[in-house]
1. Go over the candidates C:R100, C:R124, C:R85 one by one and state the one that is open to solvent by 70 Å² or more (accessible area, probe 1.4 Å), within 14 Å of another protein chain (Cβ to nearest Cβ) and out of contact with any Cys (no Cβ under 8 Å at 6 or more places or on another chain).
2. For the range B:284-315, which positions are farther than 30 Å from B:R57 by Cα and touching a helix residue (DSSP H, G or I) at 6+ places or on another chain (Cβ under 7 Å)?
3. From the set of residues in the range A:101-123 that are among the hydrophobic types (A, V, I, L, M, F, W, C) and under 17 Å from the mean Cα position of the chain (by Cα), which is farthest from ligand 2 (Cβ to nearest atom)?
4. Since C:N255 meets every condition but one in (1) outside any helix (DSSP H, G or I); (2) buried (at least 20 other Cβ atoms within 10 Å of the Cβ); (3) in contact (Cβ under 8 Å) with a residue 12 or more places away in the chain; (4) touching a Gly at 6+ places or on another chain (Cβ under 7 Å), which condition does it not meet?
5. Of all residues in the range A:183-217, count the ones that are open to solvent by 10 Å² or more (accessible area, probe 1.4 Å), over 18 Å from A:L59 (Cβ atoms) and either among the basic types (K, R) or away from ligand 1 (no atom under 16 Å from the Cβ) (or both).
6. Of B:L244, B:L270, which residue is open to solvent by 10 Å² or more (accessible area, probe 1.4 Å), touching a helix residue (DSSP H, G or I) at 6+ places or on another chain (Cβ under 8 Å) and outside any helix (DSSP H, G or I)?
7. Please go through the range A:148-166 and give me each residue that is closer than 23 Å to C:L214 by Cβ and open to solvent by 70 Å² or more (accessible area, probe 1.4 Å), ordered by number.
8. Any chance you could count how many residues in the range B:264-296 are within 11 Å of chain C (Cβ to nearest Cβ) and closer than 27 Å to B:L180 by Cα?
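The values are calculated or read from the model by the stated rules, or taken from the named source; none is laboratory data. These numbers come from a predicted model, not from an experiment. Glycine gets a Cβ as well: all are built from the backbone with ideal geometry, and neighbour counts include every protein chain shown. Ligands, DNA and RNA are excluded from the accessible area calculation, which covers all protein heavy atoms including side chains. Shrake-Rupley method; radii C 1.70, N 1.55, O 1.52, S 1.80 Å.
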Amino acid sequence: MITTSSAMSHPAPLPAPLPGTPVLEVEDLSVEFRTPKGVVRAVNGISYEVHPGETVAILGESGSGKSVSVQAVMGILDSPPGFVTGGRVLFEGRDLLGASAEEQRAVRGPGMSMIFQDALSSLNPVFTVGHQIAEMFRAHLGTSRKEAKEAAIELLDRVRIPAARERVNAYPHQFSGGMRQRVMIAMALALNPRVLIADEPTTALDVTVQAQIMELLKDLQRDTGMGLLLITHDLGVVNEVADRVLVMYAGNVVETGTVDEVFSDPSHPYTEGLMASVPAVEDKGKRLQPIVGTPPDLSRIPSGCPFHPRCPRRVLEGAPPGRNCRDDVPLLLPVGSIGRASACHYREEVLRARRTGTPA
Amino acid sequence: MTERPPTDRATGLATPEHGTDQPRTERAEATLEAEVAGSPAIEEASLWSDAWRSLRRNPFFLVGALLLAVFLVMAAFPQLFTSVDPRSCDLARSAEGPSGSAWFGYDVQGCDYYANVVHGARVSVTIGFLAMLGTLALGIVIGSLAGYHGGWIDSVLARVTDIFYGLPLILGAFILLSVLPERGVLEVALALVVFGWMTSMRLVRSTVVSVKEADYVQAARALGAPTRRILVRHILPNAIAPVLVYSTIYIGTLIAAEATLTFLGIGLQLPEISWGLQINSAQTRLRDAAHLIFFPSIFLSLTVLSFILIGDALRDALDPKLR
Amino acid sequence: MGRYIARRLLLTIPVLIGASFLIFAMVYALPGDPIRALAGDRPLSEAVQAQLRAEYNLDDPLWLQYLKYVGGLLQGDFGTDFSGRAVLDTIEQRLPVTARLALAAVIFEALIGLTAGILAGIRRGSFFDNLVLVTTTLIVSVPVFVLGFVAQYVFGLRLGLFPTSGIGEGWYSYVLPGLVLASLSLAYVARLTRTSLAENLRQDYVRTARAKGLKPAVVIGKHTLRNSLIPVVTFIGADIGALMGGAIVTETIFNIPGLGRAVYDSVLRQEGAVVVGIVTLFVFFYIFFNLVVDILYALLDPRIRYD
Ligand SMILES: Nc1ncnc2c1ncn2[C@@H]1O[C@H](COP(=O)(O)OP(=O)(O)OP(=O)(O)O)[C@@H](O)[C@H]1O
Ligand code: SF4
Ligand SMILES: [Mg+2]
């Protein structure tokens, strides 16, 4: 059992954080793509924290900047055309964006790790899965080839891949979709990262397999105490596994809070729309209410509140000063209980309206 | 069975799939079976206006277009470039170098070389276009046969294509021309068509197959429309972009091939005026009269270059995947 | 794998037969009388002509001539030329020359093409990338025989660096012709490598490699290059066969006594047996190297399964 002593323990280069420090802190992060057709402002000043053992979910329509924001955090943005134009990313209190490329690299793997939606295309087709997992140990810890392979087998076992010792020599295309995602997870967890970023880890999978993978992630998180930053479209999954949720729209966080609060009592019209667009169990048979309109073009984000062209609650004429949805940008401000925030001029009214049953 | 994705020599583009098990790298042909062949219908006008916008800003395209315009005019109206008769010669001036009165000097026969080189444009351009049209015609006929019918017809035609791919363009045309009693513009063009139709066939075939399998065609068929009519209606818009790119580049290849054959002594014959012949008759004079090789070579290469520049630019502009 | 190879081999047979018959038919069936050509201006008596025709089976129908020819081939008999020399002799003497030329060309193709392509592909849009783009466009545009003259003129006559004719100076003689023969392929290899690399750099697994915290050199050298080079390596492999068949122009210009030059001479002299024999050999090489490459491909890319 070499793994418990060398491979499975924290690798040396990362110092222990102060107690109570979030494992990941993102402050005012902005990302843009400079393309021939203009500048795409994909992320516009978002902030959040992930604590050890905590699961934070990012929700939002396609194209709202979820993937781009976490890629910027990981430092794997395609650049060019992508550029981080502002903000800080603190890993256990240390700023990564200001750090040297070499320091950033050393955090990827042992500190932060990531799994992707499409495990088939995210694994290198010409190397065995064992090789690709073992590479983590070899690159970061200098483990010998043999030991690294043993560690890889152990990891495959840990993510519940049957016959790990044989499968370690197989190539990615020889696995089923669910098994491949397990391989990805094994690889991401190889060095016991303190935070795992999962970008739609189950979207490409069958429903039953989805549940298995989420369960596996939950179990592994409980075992290791890592923070989990989870991007998903599946509100059911969020409801089940997440502690807190960030709702993104047009590259902004428009609402944040605990899952219970946000789901049961949204304080932003966009979140309301999201919730109304999924069939709740008790609402079966009722008509869904999709959010009308299309997501904005990120190279031409609407003025004022980016959501105003689609917002059923917008106030344009006769708005109180500073609260015109077309002219005034709503900031992400506290609402309701501690830790909740919403970027809507009328966040209090949204909450109250529903409580009193006033229609939108 | 998964196949090795074939790559074409032209620009490293993947060639469209075509049956199985063929050797599929080809030589001597700066051809291209553009990737666009398999892409969904390219019908939107926006593609063409986008393409035109990007072409106008592409300096390579502008240079190519300018060169091409010059050589096309030169081929059609050589008198605009020179008033000297290329066939009035004075042996006393044999192989004289360039001078103020004769920019390109005189050839071995003592004829004004500039006039000769200018008049050489016509056959090159003519053979290039003729052979291209022939190649396309043959490619369209065989390619639609194979693509439309599929099955054993497709397999047999695929084998036949393989057979011809086994013979390099120059080598095949060289042998064929050597046994023809006459060797004029038509014969040379014919020889180039006979040994060069394969890529255009595959291009057409893959377009036909992809259109045949496209959802909207399947849907139309399910509604009872005759396949043949749908195909005819949809193939043109789908094929036009890849065929245009391929043809443009391939004309350059054909012009170079004609010059090569003629240079080898098996293409055009005197008294035709052609760059290949000029280089051929000067080949032993590299040491003492290099200009006799230099000038027709420059004209020849620039003509080929103009087609390749335009073709490359067209491909970049028309293939959204590469943008 | 074994079955795949067997199947491929089987499929090459009709292609080989078809191609050789095509050449055979062109050489023997079309107008033009080889006997007359052989005689040139000398008048041949009817008797001598008839004897020659019989000797070369020229009076049989074409298909029978071909069958007799293939029968001979199967026994290692490529026939004789008009002077009575066995074609196999010519081949044995000239094949090594052409093989050396093709080898020199492949080395240039791989070394220069790959290096240029990799450097250009890694830094898309850089000065070097544009330089490669422009240079390859120019190379592709200049016909090979013109390039041959340029090389002879510049490196041979002007700079006096390399011999421009014949093979009298050993490997040294193959430098210029090898470069010229390689030129077109070299340009393609550079472009193919460039696009392939750029395409692979956009792949998800490259992003994964970066997310794993691997060093940039490993991300590119291992996780990108290996995959990018698969099509390039197979292209180069298949090109060996094509280069041999393409040597006719280069060998003629540089006066190299190889198979291409032999085809050139025999075509002009209407030496049918030599032309058919050598060109069939070219086709064989072409098919052979394509087969080799398909197998190589399976070894390089584990996704390919032959069953
Ligand atoms: N390489 C790129 N070049 C230009 N724009 C890009 C690039 N990558 C992403 N974008 C833009 O950034 C925006 C956000 O994309 P992102 O992938 O983060 O969306 P997402 O929220 O993850 O969506 P999905 O749910 O579909 O994954 C998109 O509008 C997209 O157009
Ligand atoms: S600020 Fe106005 S437009 Fe934006 S969400 Fe709130 S109500 Fe709607
Ligand atoms: Mg995404």
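1. Unique residue meeting the criteria: C:R124.
2. Within the range B:284-315, B:R285, B:L286, B:R287, B:A289, B:A290, B:L292, B:I293, B:F295, B:P296 meet the criteria.
3. Ranking the candidates gives A:A119 first.
4. Single failed check for C:N255: (2).
5. Matching residues across the range A:183-217 total 9.
6. Of B:L244, B:L270, the one residue that is open to solvent by 10 Å² or more (accessible area, probe 1.4 Å), touching a helix residue (DSSP H, G or I) at 6+ places or on another chain (Cβ under 8 Å) and outside any helix (DSSP H, G or I) is B:L270.
7. Within the range A:148-166, A:K149, A:E150, A:R158 qualify.
8. Selection size over the range B:264-296: 10.
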